[in-house]
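The values are calculated or read from the model by the stated rules, or taken from the named source; none is laboratory data. Fair warning: this is a prediction, and the values are worked out from it, not measured in the lab. Virtual Cβ from ideal backbone geometry, glycine too; neighbours counted across all protein chains shown.
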Amino acid sequence: MKLKQAITGAAALACVTAAHAQTAGTFYLTTGWFHLAPQSSSDPLEILSTGGTPVNQSVAGTSASADSSDTLGTSIGYFITDHIATEFEFGIPAKFDLQGSGTLAPYGTLGTVRQWSPALLFKWNFLSPQSKFRPYAGLGVTRVWFSDATITNGTFQANVLHGPTSVSTDRSWAPVFNLGFNYSFTDHWFAGVSISYIPLSVKANFTTQAQTPVGTLTVNSQAKIRLNPIVTYAKIGYRF
């Protein structure tokens, strides 16, 4: 009888522990792999000014897109209630190759850039806290900026931009739409996969020291690129 009571008590304690593994007040950490797949397109390159004189002329047929990229990511989260969790996601900045398209397609890779996009999410976790499998839907916001933007194609730089060119980009906020699931192996360890969609556009600003018959002129140009990445995050996590 005592053995039966002990086993029953241990089982009840295990259930209580499991119940608290995904309940209000629980912190968790994850790490894993981000795959960023831009659904990209761009407006034509627009020459804004030449030697300080406004031009505002589009170069017809020019466009660019971004290749997919992978990077290491991590997140920290907290269950506000048994179903609502908030999570901060970030990772090593992903490096993208920018490909010419339209009339720029023959040039191939035009340049590279790194994307920073930490995100704050609020997630609704379905099913009960005791469930090993818990799908969720999330909504959040990300702050996006870029670094190390470089023109790497000398032929493109010479034939299209007509001289040494520096690149800068703007910073922007964007919404994050998120779906995923977690599966618990123990009270503490779990794994999961999520997919996010980020409607995102960025303006790339080019400053060129153009070589002309009358000397060097500063040419300012701009291109709007729509990235709209689909971001997959495969992760393993630990709850406290």
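Tell me yes or no: at least one residue of region 168-175 is within 18 Å of Pro38 (Cα to Cα), of a type in the set (Val, Ile, Thr) and at pLDDT 95 or above.
No, there is no match, as no residue in region 168-175 is within 18 Å of Pro38 (Cα to Cα), of a type in the set (Val, Ile, Thr) and at pLDDT 95 or above.
Could you tell me which of the residues Pro164, Pro135 is under 22 Å from Thr30 (Cβ atoms) and either free of Cβ contacts under 8 Å to residues at least 40 places away in the same chain or out of contact with any Asp or Glu (no Cβ under 8 Å at 6 or more places or on another chain) (or both)? Don't jump to the end; show me each part of the working.
On the way: Pro164 fails: under 22 Å from Thr30 (Cβ atoms).
Among Pro164, Pro135, only Pro135 is under 22 Å from Thr30 (Cβ atoms) and either free of Cβ contacts under 8 Å to residues at least 40 places away in the same chain or out of contact with any Asp or Glu (no Cβ under 8 Å at 6 or more places or on another chain) (or both).
Please tell me if Thr208 is surrounded by fewer than 14 Cβ atoms within 10 Å (Cβ to Cβ), modelled with pLDDT of 90 or more and more than 26 Å from the chain's Cα centre (by Cα).
Working: surrounded by fewer than 14 Cβ atoms within 10 Å (Cβ to Cβ): no; modelled with pLDDT of 90 or more: yes; more than 26 Å from the chain's Cα centre (by Cα): yes.
Considered against the rule, which asks whether it is surrounded by fewer than 14 Cβ atoms within 10 Å (Cβ to Cβ), modelled with pLDDT of 90 or more and more than 26 Å from the chain's Cα centre (by Cα), Thr208 comes out as no.
Okay, residues lined up against (1) without any contact (Cβ under 8 Å) to a residue 24 or more places away in the chain; (2) of a type in the set (S, T, N, Q); (3) under 15 Å from Phe122 (Cα atoms); (4) out of contact with any strand residue (DSSP E or B) (no Cβ under 6 Å at 6 or more places or on another chain):
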{"position": "Thr169", "(1), (2), (3), (4)": "no, yes, no, no"}
{"position": "Ala174", "(1), (2), (3), (4)": "no, no, yes, no"}
{"position": "Phe177", "(1), (2), (3), (4)": "no, no, yes, no"}
{"position": "Phe181", "(1), (2), (3), (4)": "no, no, yes, no"}
{"position": "Phe190", "(1), (2), (3), (4)": "no, no, no, no"}
{"position": "Ile195", "(1), (2), (3), (4)": "no, no, yes, no"}
{"position": "Ser201", "(1), (2), (3), (4)": "no, yes, no, no"}
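Among Ala149, Ala137, which is the only one that is among the aliphatic types (A, V, I, L, M) and either over 23 Å from Gln39 (Cα atoms) or buried (at least 17 other Cβ atoms within 10 Å of the Cβ) (or both)?
Ala149 is the lone residue from the list that is among the aliphatic types (A, V, I, L, M) and either over 23 Å from Gln39 (Cα atoms) or buried (at least 17 other Cβ atoms within 10 Å of the Cβ) (or both).
I'd like the residue in region 99-132 that is part of a strand (DSSP E or B), hydrophobic (A, V, I, L, M, F, W, C) and free of Cβ contacts under 8 Å to residues at least 40 places away in the same chain and, out of all such residues, is farthest from Phe27 (Cα to Cα).
First pass over region 99-132, keeping only residues part of a strand (DSSP E or B): 99-102, 109-116, 119-125.
Now drop any that are not hydrophobic (A, V, I, L, M, F, W, C), which leaves 110, 113, 116, 119-122, 124.
Add one more test, that the residue is free of Cβ contacts under 8 Å to residues at least 40 places away in the same chain, and what stays is 116, 120, 122.
Values: Trp116: 25, Leu120: 15, Phe122: 14 Å.
Only one residue fits best here, namely Trp116.
Can you find, within region 1-49, the residue that is surrounded by the fewest Cβ atoms within 10 Å (Cβ to Cβ) among those that are farther than 30 Å from Ile230 by Cβ and at pLDDT 90 or above?
Here the answer is Gly25.
Working carefully through the options Thr142, Thr86, Thr109, find the one that is modelled with pLDDT of 95 or more, out of contact with any Ser or Thr (no Cβ under 9 Å at 6 or more places or on another chain) and closer than 28 Å to Ser172 by Cα. Give the steps one after another, and end with the answer.
Numbers: Thr142 fails: out of contact with any Ser or Thr (no Cβ under 9 Å at 6 or more places or on another chain); Thr109 fails: out of contact with any Ser or Thr (no Cβ under 9 Å at 6 or more places or on another chain).
Answer to the check: Thr86.
Got a number for residues in region 55-97 being loosely packed, with under 15 Cβ neighbours inside 10 Å, outside any strand (DSSP E or B) and not polar (S, T, N, Q)?
Of the residues in that region, 4 qualify.
Could we say that Gly100 is surrounded by 14 or more Cβ atoms within 10 Å (Cβ to Cβ) and closer than 19 Å to Val193 by Cβ here?
Considered against the rule, which asks whether it is surrounded by 14 or more Cβ atoms within 10 Å (Cβ to Cβ) and closer than 19 Å to Val193 by Cβ, Gly100 comes out as no.
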